[in-house]
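Notes for the one structure printed next.
The values are calculated or read from the model by the stated rules, or taken from the named source; none is laboratory data. Just so you know, these numbers come straight off a predicted model, no measurement behind them. Virtual Cβ from ideal backbone geometry, glycine too; neighbours counted across all protein chains shown. In case anyone asks, the SASA skips ligands and DNA or RNA and just uses the protein heavy atoms, side chains included. Shrake-Rupley method; radii C 1.70, N 1.55, O 1.52, S 1.80 Å.
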Amino acid sequence: MKDLRILRTLATAFSLCTSRSIPALLRQSRTNTRCLSLSVNEKHQQSLSKTNSHVFSCLRINVIGQLQRSLHFSTSVMAKSKFEYVRQFETPDPCLPNTWIVIRLDGRNFHKFADAHSFRKPNDERALQLMTRAAETVMSDFRDIVIAYGQSDEFSFVLKKSTMLYSRRASKLMTHVASQFSSSYVFHWAEHFPDQPLQYPPGFDGRVILYPSNKNLRDYLSWRQADCHINNLYNTCFWALVQQGGMTTTQAEERLRHTFSADKNEILFSEFGVNYNNEPDMYRKGTVLVWKRVEETVMRTCRTAEDPVERQREVTKLRKKVVPLHTDIIGDPFWEEHPDILEGESF
């Protein structure tokens, strides 16, 4: 009876961790014992008692073992539950190896967002600086990003060919960069727009593009910078006609229809005295983010050869930091000055 009470206690504990039926196991044991009792005579009662004791001992050991194994339920059974088959529906999306991974983010419906937050036309330096600040945060968190380029409401991030970040899964890379950029944009908003409350959260869509060669990558970045120049020249001329020339937006659009770059430059210079080449580089060329080793002065507790006593001192050290540049990246000089950006392959 004592053994049965022990087994019932163990069975109760075991039933809390697993759905396996211990009472059935106990009933089977009692049945076996009863049959064994009927098949022997009184002479063998002592032997039977020993046999029963042995049966209960084995059963108790078995239940205890199962109870101990059940304690690992959360790490073994749950990790391989019957529901795990749903993982078969996930689509693997690794990026091709040995390719440049470019993640480009674009503001979602940013014309409406700019109007709602009174962005200055044709360029709002605060908004561009905020975009750069958010991009710097992304680049600092993802050290495999070797260069980034941004203009207007877009930013492109280039991960090195050899990166194994998130096993090169496109969805992981794109969503992490997009979410980090978006949250940073909101987080730093008040620093750049202290007098303009954020009316509603902005959104950024993202895409992943793979480029096999250094030339392909350079051509992509050249395309984005050329796009910056084309759009900014148009916007500068358009808003000059509206803000200074007194035209409506419809009239300004019609005036600029079918014009070339030379025509727009002529309109700016002859009618408004604006030399487009003197416009800020950030507007005309966009923003390039690169890694540079810069000297940084920090306070540290240390001793020197002249003064063996530990005290707070200024210490200068070199560290890698994300640095914004407003420069031409279409020609060769930039790439010759930053040979560490491109890996291996000659172009």
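May I ask you to list the residues in the stretch 270-296 that are part of a helix (DSSP H, G or I), touching a helix residue (DSSP H, G or I) at 6+ places or on another chain (Cβ under 7 Å) and in contact (Cβ under 8 Å) with a residue 40 or more places away in the chain? Within the stretch 270-296, Tyr276, Met282, Tyr283, Arg284, Lys285 meet the criteria. Taking the criterion of being open to solvent by 60 Å² or more (accessible area, probe 1.4 Å) and under 21 Å from Arg207 (Cα atoms), the residues of the stretch 76-124 that qualify are Glu90, Thr91, Pro92, Pro94, Leu96, Pro97, Asn98, Arg108, Asn109, His111.
Filtering the stretch 114-160 to residues that are over 12 Å from Arg104 (Cα atoms), in contact with a helix residue (DSSP H, G or I) (Cβ under 7 Å, 6 or more places away or on another chain) and β-branched (Val, Ile, Thr) leaves Thr137, Val138, Ile145. Residues in the stretch 125-156 that are crowded, with 18+ Cβ neighbours inside 10 Å and among the acidic types (Asp, Glu) were compared, and the one that is farthest from the chain's Cα centre (by Cα) is Asp153. Only a single item in (1) open to solvent by 60 Å² or more (accessible area, probe 1.4 Å); (2) in a loop (DSSP other than H, G, I, E, B) is not met by Glu253, and it is number (2). Of all residues assigned to the stretch 231-246, none qualifies as being under 26 Å from Asp106 (Cα atoms), at pLDDT 95 or above, open to solvent by 40 Å² or more (accessible area, probe 1.4 Å) and not in a helix (DSSP H, G or I).
Candidates in the stretch 268-278 are the residues that are within 16 Å of Pro122 (Cα to Cα) and more than 41 Å from the chain's Cα centre (by Cα); of these, the one that is surrounded by the fewest Cβ atoms within 10 Å (Cβ to Cβ) is Asn275.
Of all the criteria given as (1) hydrophobic (A, V, I, L, M, F, W, C); (2) surrounded by 11 or more Cβ atoms within 10 Å (Cβ to Cβ); (3) in a strand (DSSP E or B), the one not satisfied by Met299 is (2).
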